[in-house]
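The values are calculated or read from the model by the stated rules, or taken from the named source; none is laboratory data. What you are looking at is a predicted structure, and each value in this text was computed from that prediction instead of being measured. Positions of Cβ are generated from backbone atoms using ideal geometry, with glycine treated the same way; all protein chains shown enter the neighbour counts. With ligands, DNA and RNA removed, areas are computed over all heavy atoms of the protein, side chains included. Shrake-Rupley method; radii C 1.70, N 1.55, O 1.52, S 1.80 Å.
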Amino acid sequence: MNRKTLVLPAVAGLLTPVLAACGGSDSGSKSGDAIVVGTTDQFTATKEVPAPLDPAFAYDVGTWNILRQTVQTLMAQPKGDGQPIPDAAESCSFTDSGSERYACKLREGLKFASGDQVTAQDVKYSIDRALRINADSGVSALLNTIDTIETQGDREVVFHLKTADATFPFKLSTPVAGIVNPKDYQKDKLRDGFEIDGSGPYTLQADVKDDAIVSATFTKNPSYKGSVTVNNDKVELRSFPDADAMSTAIDKGDIDVMTRTMSPAQIQKLDSGSDKNADLVDMPGLEIRYLAFNTDATSVKSKAVRQAMAQLINRGELVSKVYGTQAEPLYSMVPATVTGHSNSFFNKYGNPSVAKAKELLTKAAITTPVKLTLHYTTDHYGSATKQEFEILQKQLNDSGLFDASIEGHPWKTFRPAEQKGQYDVYGMGWFPDFPDADNFIAPFLDKNNTLGSPYNNSTIQRTLIPQSRREADRLGASKSLTEIQDITAEDVPVLPLWQGKQYVAARDDITGVAYALNSLSTLQLWELGRGVSG
């Protein structure tokens, strides 16, 4: 098999289009044979997280990738990124000059897969429900600018916002705004387990073992009316324990597509052409990795300790030793390819320096070495995470200013512990909800943030975030966004590390691969088809 590395154009700001590079959208399979897609994402129901697929709770890229196939939203991200487009809606727009009143009209004849009509009242019910439940995942914060929702007949919905929010159309494209049937989802209670009922492109049948999804079969929903064309009849998403097991499966022909998350070694092998079983697609990504701090914890409560870590960590060395060309150093929580980005951490700290870090700690009368533990998840961001944290540990300890240890935990225990404030320092990744700088800022720094962080900066929360959201032209928000990033570099409640690319590998008879994953790491399974082997 000939290797094909398909590199899509880098994202420049928000509106850069991405061109198809692997098969046409009209070449999909109609045979009914499932296209099998591998993933290392794990989908588990636990005592702490009994309802992982409820739109009012789900808030990680894996569960969102299931919901985006099945639960429809008023708006959706377009095929090549950019501004959201109507999906369940026929049209949506702000109806005032202040970006505080947003009106949508539903498509005519919209139905749930069950056959029930989708109405404006269902939209209101679904979004009110997510806000009312206010799940501890923090996902409802995406909707926190909503004041009231009114309906006009069965097809019109009007959102009255508490304050101007030019990013609101993006938020209506996220699964927390997914439209659910009141018959299946109680008003005040999450829906436990793995059942989903929606009006999206597919219906779901989950194969569950030991409270975890082994595979999820998506079957084309004949009732779907929306913005996408479904190019296959059935896709199976199969979960693997690690990247090696997934790679073995594609080599054996057990799966057709290999997606997140492949190991750096696997990507290098595919890129070199030495693996003849799969072709590699290399595409822009907005994934970031960062360290987060419980700023109330004794070990890192002093800003000087966090600043010293920012001064010591060598991002270039970290990236080159672990990820090579698959990632780039990041000096802000806002990726370099997103409008509003500023290299605030580099501007403040420059190149790594033990002397400058020591000076910061000495001025604050901090006794060295500072003892702390860096926590990371063993099974959520890929197999290279352990190596990444070993290098971070070495960089800190080699300075003589820190006595750092590392501990790894499975995601199902890591995430609840992090949210409860049980870790002083911990590693996280972020796959954005939508491609706007606001989504790399508000989830970590606003009230009720997704980390449960005690960090509270009133200037950011009360002035700068609202100010930036008033700008419909996102370039106009750059001044406020830069100020937020500068404050973050000064206070270091989070410490950005790197920004990654993303990859999909597929056997050569699979078409539509270039669009199977967008810059948000959203799986677009409807793009896949089965063509003629080359």
Provide a single number: the residues in the range 354-363 that are in contact (Cβ under 8 Å) with a residue 40 or more places away in the chain and either open to solvent by 80 Å² or more (accessible area, probe 1.4 Å) or in contact with a Cys (Cβ under 9 Å, 6 or more places away or on another chain) (or both).
-> 3
Name the residue, out of L190, L172, that is in contact (Cβ under 8 Å) with a residue 24 or more places away in the chain, open to solvent by 10 Å² or more (accessible area, probe 1.4 Å) and in contact with a helix residue (DSSP H, G or I) (Cβ under 9 Å, 6 or more places away or on another chain).
-> L190
Based on what the data block shows, is S247 modelled with pLDDT of 95 or more and in contact with a strand residue (DSSP E or B) (Cβ under 9 Å, 6 or more places away or on another chain)?
-> no
Residues in the range 120-145 that are surrounded by 19 or more Cβ atoms within 10 Å (Cβ to Cβ), out of contact with any Leu (no Cβ under 9 Å at 6 or more places or on another chain) and within 24 Å of R462 (Cβ to Cβ) total 3
Give the range 339-353 a look and list any residue that's at pLDDT 95 or above, open to solvent by less than 20 Å² (accessible area, probe 1.4 Å) and within 12 Å of T482 (Cα to Cα), or say none.
-> S342, S344, F345
Taking the range 305-325 and keeping residues under 26 Å from S519 (Cβ atoms) and open to solvent by 50 Å² or more (accessible area, probe 1.4 Å) leaves S320, K321, T325
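Listed residues D211, D197; which is touching an Asp or Glu at 6+ places or on another chain (Cβ under 6 Å) and closer than 26 Å to A135 by Cα?
On the way: D211 fails: touching an Asp or Glu at 6+ places or on another chain (Cβ under 6 Å).
Of the residues listed, the single one that is touching an Asp or Glu at 6+ places or on another chain (Cβ under 6 Å) and closer than 26 Å to A135 by Cα is D197.
In the set S227, S223, S215, which member is in contact with a strand residue (DSSP E or B) (Cβ under 6 Å, 6 or more places away or on another chain) and open to solvent by 40 Å² or more (accessible area, probe 1.4 Å)? Walk me through it before giving the result.
Details: S223 fails: open to solvent by 40 Å² or more (accessible area, probe 1.4 Å); S215 fails: open to solvent by 40 Å² or more (accessible area, probe 1.4 Å).
The conditions single out S227.
Which fully enclosed strands (runs of 3 or more DSSP E) of the range 272-375 have 1 or more residues being in contact with a Gly (Cβ under 8 Å, 6 or more places away or on another chain)? Break it down into steps so the answer makes sense when it comes.
Values: elements: 279-283, 288-293, 327-329.
Hits in the range 272-375: 288-293, 327-329.
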Per the list (1) open to solvent by 10 Å² or more (accessible area, probe 1.4 Å); (2) at pLDDT 95 or above; (3) closer than 12 Å to Q69 by Cα; (4) assigned to a loop (DSSP other than H, G, I, E, B), residue check on D197 breaks on (2)
What pairs come up if the first residue lies in the range 59-70 and is on the phi < 0 side of the Ramachandran plot, the second is among the charged types (D, E, K, R), and their beta carbons are under 7 Å apart, counting only those six or more places apart or on different chains?
-> G62/D41
Which of the residues spanning the range 101-124 are among the hydroxyl-bearing types (S, T, Y) and more than 28 Å from the chain's Cα centre (by Cα)?
-> S114, T119
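L237 - would you say it is buried (at least 19 other Cβ atoms within 10 Å of the Cβ), at pLDDT 95 or above and over 22 Å from K47 (Cα atoms)?
Here the answer is yes, as L237 does meet what is asked.
Can you name the residue in the range 431-460 that is of a type in the set (V, I, T) and touching a helix residue (DSSP H, G or I) at 6+ places or on another chain (Cβ under 6 Å) and, of all such residues, is farthest from S519 (Cα to Cα)? Give the steps one after another, and end with the answer.
Let us first name the residues in the range 431-460 that are of a type in the set (V, I, T), namely 441, 450, 459-460.
Okay, now just the ones that are also touching a helix residue (DSSP H, G or I) at 6+ places or on another chain (Cβ under 6 Å), so 441, 450, 460.
Numbers: I441: 18, T450: 21, I460: 27 Å.
Step by step, filter the range 431-460, then rank; the result is I460.
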How about the range 326-338: which of its residues are open to solvent by less than 30 Å² (accessible area, probe 1.4 Å) and either farther than 22 Å from L392 by Cα or of a type in the set (G, A, S) (or both)?
-> A327, S332, V338
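Does I255 count as in a helix (DSSP H, G or I) and open to solvent by less than 10 Å² (accessible area, probe 1.4 Å)?
Details: in a helix (DSSP H, G or I): no; open to solvent by less than 10 Å² (accessible area, probe 1.4 Å): yes.
Spelling it out, it is not the case that I255 is in a helix (DSSP H, G or I) and open to solvent by less than 10 Å² (accessible area, probe 1.4 Å).
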For the range 468-479, what are the residues that are in a helix (DSSP H, G or I) and open to solvent by 10 Å² or more (accessible area, probe 1.4 Å)?
-> R469, R474, L475, G476, S478, K479
Has the range 490-507 got any residue that is over 24 Å from the mean Cα position of the chain (by Cα) and in a helix (DSSP H, G or I)?
-> yes
Is there any pair linking a residue in the range 436-464 that is at pLDDT below 95 and in a loop (DSSP other than H, G, I, E, B) to one that is open to solvent by less than 20 Å² (accessible area, probe 1.4 Å) and of a type in the set (D, E), with Cβ under 9 Å and at least six apart or on different chains, and which?
-> L451/E418; G452/E418
